[in-house]
Each structure stands twice: as C-alpha cells, then as structure tokens.
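Each remark here refers to the structure printed beneath this line.
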Amino acid sequence: MAERAMGMTPATWDRHANPWSGWSRVAILPLLAAAAWSRVWIGWWALVPVGAIVIWTWVNPRIFAPPASTDNWMSRGVLGEQIWLVRGGEPALAHHLPVVRALTFLGAAGAILLLVGLVLLDLPLAVAGLAVAMLAKLWLLDRMVWVFSDARLTAPMPAYRPDT
C-alpha cells in the first residue's frame, strides 16, 4: 500500500537503491517528530516543516541517480525490500517471514508510542517511541540485506516489477 502511495516504479527503485537516498531517508522520522513538536514554539507554522518533510519523503527516491555500485549495505537493504515486496511469500524466503512480521509490529508499536508522545507533548514517551521505531526500521533493513542475499541465490535479478 505504501509502495503504491509513493508511486514506486522500477526506475524509482533503481534511484532509491542509491545509498544517499537510503541514508537520507533514515532521518525522516526524527525530523518529522521534531517538526511536529515545533508546534510548541511556532504554532500552526509547524505545518510548514511537516509539509516539507512529507514532500521530501516523496521526492527522495526520485532525486538521486541510480548507484554506480550496489556493493554496500544500504543499497542491498533497499534491493532486498524491493524483492520482499514481490517474492516475500516464496518458500525460499519463508524463514524471514516471522522476523519481518515481528519487526513490522515492533516498528508500528514504536510509531504509536511516538505519536502519543507527540500528541501529549510527553518527551520521554516520544523519544522512547522514536527509538523503538528507528531500531525496528534499521533491524528490518538489515533483514532485507539478508533477503537480498538469499534471493540472489534462488532467482536472477531484477526481481521487482510492479505490474507482475
């Protein structure tokens, strides 16, 4: 669902595999949290940084050139995510499913804690939620590197095509 909302195409995925794209996206959730918290200081003007971050979230996978090499952790994580979206139900990748589900649940729980902390202006709760969500996201990205490695052993690349 998020992939469709982001309008991810094969060309967009190629660009998103650039490590600059992946690493700059890691900062999105903390920046979004800070922008939401800024309502304390700047009131409704907080919608400006929130809007800028939402726009950056959409623009980011499109703005960087395809990487010269995918021989790095971030590129492999992004490519693994791409593979997972298409082939995650295959028997060769089935051993990843329980971990992916657990990390997705953990990330969602962290995001809920973050949201509640932001709404209530409870800094410890917001920071705890952000830490849990970020830890789950990075751990899931590391799992996608593993998915990428496993998938390369079972099928040739490219594995992603949204129309199939």
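Just checking, does the stretch 6-24 include any residue being under 26 Å from residue 120 (Cα atoms) and either out of contact with any Phe, Trp or Tyr (no Cβ under 8 Å at 6 or more places or on another chain) or part of a helix (DSSP H, G or I) (or both)?
No: the stretch 6-24 contains no residue that is under 26 Å from residue 120 (Cα atoms) and either out of contact with any Phe, Trp or Tyr (no Cβ under 8 Å at 6 or more places or on another chain) or part of a helix (DSSP H, G or I) (or both).
Given the options 111, 65, 52, name the one that is aliphatic (A, V, I, L, M) and under 28 Å from residue 150 (Cα atoms).
65
Against the definition (part of a helix (DSSP H, G or I), out of contact with any strand residue (DSSP E or B) (no Cβ under 7 Å at 6 or more places or on another chain) and under 15 Å from residue 151 (Cα atoms)), how does residue 97 come out, yes or no?
Answer is yes for this residue.
In this structure, is residue 57 within 29 Å of residue 116 (Cα to Cα), of a type outside the set (A, V, I, L, M) and surrounded by fewer than 20 Cβ atoms within 10 Å (Cβ to Cβ)?
yes
Taken together, the values in this text are just the output of simple stated rules run on the coordinates, not laboratory data. A quick note: this is a predicted structure, and the numbers were derived from the prediction, not measured. We place every Cβ from the backbone using ideal geometry, glycine too, and count neighbours over all the protein chains shown.
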